[in-house]
Amino acid sequence: MATFGVSNRLDFRLPWRSPVSRRPRCLPTLLLAAALLAGCSPPYDATAGGANTLRVSVSADAGESLNPYVGSQSPIQELRSSLLFEGLTALDPAGKAEWRLATGMTSNADRTQWTITLRPGVKFTDGAEFTSADVVSSIKYLRDPGHATQGLALIQMIEPGSIQAVDKLTVRVGLSEPFSPFKEIWASVLLPMTKTGSAPAKPIGTGPFAVKSFAPGRESTVERFDGYWGEKPRLDAVQLIEYPSQQAQANALLSGRVDIASNTTPTIAKSLVGRDGIQVLDSKGNFSLRIGLNTAVAPFSDVRVRQALRLLVDRQQIVSNVFSGYARIANDYETTAPPCAAPDIPQRAPDIAAAKRLLAEAGQTDLSFAITTDGLLPGMSELAQVFAQNAAQAGVKVSVNVVPTPELLAKWGKWPAFVDYNPVPYLPSVLGSLLPDRIGNGSNWNDPAFVKLAGKLFSSPEQDQCPLMNRMHEIEHTSGPNITPAFSDVLMPHRPAVHGLVPDVNGRPLSFLTGVTVG
């Protein structure tokens, strides 16, 4: 935007997107700037968008679609999809997988076949009954490489010919290899269930809201679906209004044109607190920004260079300067999956002398390179800039290359160094971005020992998974492709009239709106 999915850049993004050149539908820029400088803002308009409508500012995307299966989803699409569609399971705000359209999943002895029991009495937003036939068609659509869905990376182990409806509420799925975390994987926003035959032209879901209006790059409104099987939304509607920048979103919040600004930097968020009663929801969790190093090209194919660059990072400075303290120090491996304890790995600290020795051994005493980013999320450009300052202490010259998002994605997997992000738990992170030939693996990392452990992890029962994950973390820490200095909070400023928001460890609080009220 919340859910599991293929991690990072080509995955479901948080409620952020690179700006599209479109002037915000708000007060004139100079007037708003004057209001901001004066420490005040225009009056709050409580009726815009209709009574009992929650208005959310989001980053603009002129190329967005209502199809939840498109190959490269923007944050606005992912947010809207989380309101319109559901998966077989979902992650709750604490990050635990819970049942949604399914009520149970059981496997055979070697975990190569799974039987899914579906929830009875579920309706699509057009009033049609949800049955096993819809699950079969949805999985087959996702599993078809011709549709280029992002979710395919998570379910490549499913044998296409083995998906069958046993009865109205039972589906059986065969796998090409054992896979234990079956329940968890279906929590991904990339694996929604849709009505048979409705996708991709007019996809219909079972979510708590239905589409009312849709103007790509400008605005979309979803309205409450009174036939929803679960907790009925207390809101009549949610209006998603698109703006070209983070500051424009903040201005819209101050002007009273929206109730929530879904995308602000820590600096902007702190500046908004208390003005007109504005509050900030702080979702502390496992969201990370990271610098990816392309292991398929020199000099980053040399593990000594990757190790040296990690030793140049001042993680406390990044927490303080990049995230204004809204983060915790990380140690160059992805988040530990609950309820596993963190691995016993000493926290990496800056060591300029050791970094210089490693670079000399690798023949890189005059190392110079660029880090590419689109600045999509708060902190991306700043992370690259602070790292460049850190690296300069060892004589390493780093420049920051800011490019438009389409250009970044078009050359994904070819950039020597880049800023990436990951909002998802460990298991889908492995599937989506840490194994070879996966769409999220922009670093082209392929470590045989890591791949072997991943295979064991996916075939092992839950009680045996923590030691395996910790051994994988050790490999990430030692020879992995990413510099992961911190796990950052996701901040969401909102007006005082908004009640019932809950923080989410995966940084997607707007996925949980059924209990929210406004006004």
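Below are the figures for this structure:
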{"quantity": "Whole-Hz couplings from phi, Karplus 6.51/-1.76/1.60, listed for segment 142-157; x for Gly and Pro", "calculated": "5, 7, 6, x, x, 8, 6, 7, 5, x, 4, 4, 7, 10, 5, 6"}
{"quantity": "Pairwise label distance in nanometres, Ser245 with Ala298, each label 7 Å out on the Cα-Cβ vector", "calculated": "4.2 nm"}
{"quantity": "Segment 448-483 residues near the modelled Glu361 label - backbone nitrogen below 15 Å, point 7 Å along Cα→Cβ", "calculated": "478-480"}
{"quantity": "Shape category assigned to the chain from the gyration tensor of Cα positions, a/c cut at 1.5", "calculated": "oblate"}
{"quantity": "Nitroxide proxy distance, nm - points 7 Å out along Cα→Cβ at Asp344 and Asp464", "calculated": "2.2 nm"}
{"quantity": "Sites Gln316 and Ile352 - FRET efficiency at Förster radius 22 Å, r taken between beta-carbons, to 0.05", "calculated": "0.90"}
{"quantity": "³J(HN,Hα) computed for each position of segment 484-501 - Karplus, 6.51 cos²θ - 1.76 cosθ + 1.60, integer Hz, glycine/proline x", "calculated": "10, x, 7, 9, 9, 6, 10, 9, 9, x, 8, 6, x, 6, 8, 10, x, 5"}
{"quantity": "Chain lengthening between Lys96 and Asn52 when straightened (0.36 nm per residue, less Cα-Cα)", "calculated": "12.8 nm"}
{"quantity": "Fully extended contour minus Cα-Cα distance, from His499 to Lys123, at 0.36 nm per residue", "calculated": "132.6 nm"}
{"quantity": "Per residue convex hull volume, Cα atoms of segment 288-488, in Å³", "calculated": "108 Å³"}
{"quantity": "Long-range HN-HN contacts of Arg55 with modeled amide H, under 5 Å", "calculated": "Gln239, Asp259, Ile260"}
{"quantity": "Segment 323-366 and segment 288-314: distance between their alpha carbon centers, rounded to Å", "calculated": "10 Å"}
{"quantity": "Simple Cβ-charge dipole of segment 89-185, Lys/Arg +1 and Asp/Glu -1, about Cα centre, in debye nearest 20", "calculated": "120 debye"}
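Every number in this text was worked out from the coordinates using simple rules, so none of it is lab data. A quick note: this is a predicted structure, and the numbers were derived from the prediction, not measured. Quick reminder, even Gly has a Cβ in these numbers, built from the backbone with ideal geometry, and neighbours come from all protein chains shown.
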